[in-house]
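> My structure is below; once you've seen it, I'll send some questions.
Read-outs throughout are calculated quantities, based only on the coordinates presented, and are distinct from any laboratory measurement. Being a predicted model, the structure only gives us computed values, none of them experimental. Ideal geometry is used to build each Cβ from the backbone, glycine not excepted, and the neighbour counts take in all protein chains shown.
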Amino acid sequence: MCEKTLASKTVFKGRILSVDVLDVELADGRTGTREIVRHGAAVAVIARRRDGRFVFIRQFRKAMERICFEVMAGNCDPGEASEVSAIRELKEETGYTPDSIRFLAPIYPSVGYCTERIDIFYAEVNEPGETDFDPDENIETVLLTEQEMDSMIRAGKVQDAKTLAAWASYKAMV
């Protein structure tokens with residue numbers, strides 16, 4: 001079932017990702033082409049306050065052309081441990097600093113064409129401090145109970161894959 005790479009060409013190189021086109025040989029000798037989005041490591045954080053409510057964010061996502069409901073997430077800086085990235089992203093996007101943080105699971109959002117791995121963390125937080133958004137971010141914090149989040153999922157109001165995976169990981173592991 002393995003595929004041998006015969007040739008590879010980078011057709012796009014951007015700030016956070018690149019795109020390679022690969023010529024491959026399949027196990028039975030046939031050949032094919034694969035388009036691979038190369039993306040570095042990333043993190044996502046499910047955060048729960050002491051009052052039991054969970055912290056989420058809403059922000060406009062150009063790829064979807066709408067405001068999306070999500071967990072806090074972001075890219076790891078080169079050489080940065082994923083836990084350090086998770087703490088940084090949580091603080092930047094919501095102002096919360098974790099009292100505790102724990103790794104839950106890794107996910108690969110779309111294994112058919114993308115190398116991105118997102119490490120999911122669960123954090124317990126107290127009161128928020130100051131946010132530190134990236135210059136091009138506009139983020140709104142949303143607080144929900146566990147029942148409210150479950151209701152939103154059942155109603156189809158949560159469509160972001162990393163958020164659904166993070167919530168499922170939280171429910172299964174915490």
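> Nearest 20 debye, what's the magnitude of the dipole of the chain about its Cα centre given +1 on Lys and Arg Cβ and -1 on Asp and Glu Cβ? Can you show the working numbers first?
Numbers: 23 positive and 30 negative charges, 101 e Å.
Using Cβ point charges on Lys, Arg, Asp and Glu, the chain gives about 480 debye.
> For the chain, modelled as a Gaussian network with Cα springs under 10 Å, which listed residue fluctuates most, LEU90, LEU26, LEU164?
LEU26
> Suppose R0 equals 22 Å; then what is the FRET efficiency for ASN138 and GLN159 from their Cβ-Cβ distance, rounded to the nearest 0.05? Intermediate results must be reported in sequence, preceding the final value.
On the way: r = 20 Å, r/R0 = 0.89.
FRET efficiency, ASN138 to GLN159: 0.65.
> Which one of MET149, MET72, MET64 has the biggest mean-square fluctuation once the chain is modelled by GNM with Cα springs under 10 Å?
MET64
> Would you please state which residues of the range 69-85 a label at ARG15 would reach in this model, taking the label point 7 Å out along Cα→Cβ and a backbone N cut-off of under 16 Å?
74-78
> Given the DSSP H assignment, sum -39500 (n - 2.57) over each helix run of at least 4 residues in the chain and divide by its residue total; what's the result at 222 nm in deg cm²/dmol, nearest 500?
On the way: 3 runs with 35 residues, N = 174.
After summing the helix terms and dividing by residue count, I get -6000 deg cm²/dmol.
> Can I ask one more? Springs between alpha-carbon pairs under 10 angstrom, Gaussian network model over the chain: which of LEU104, LEU143, LEU17 fluctuates most?
LEU17
> Can you give me the distance in nm between label points at VAL174 and MET64, each placed 7 Å from the Cα along the Cα-to-Cβ direction?
Once both label points are built, they end up 2.0 nm from each other.
> Lysine pairs in the chain 8 or more apart or on different chains: how many have alpha carbons under 20 angstrom apart? Intermediate values should be presented prior to the final figure.
Working: LYS13/LYS62; LYS62/LYS157; LYS62/LYS162; LYS91/LYS162; LYS157/LYS171; LYS162/LYS171.
Qualifying lysine pairs in the chain: 6.
> Sticking with the crude label model, points 7 Å out along Cα→Cβ, report the distance from ARG88 to ASN126 in nm, one decimal please.
Result for the modelled spin labels: 2.4 nm.
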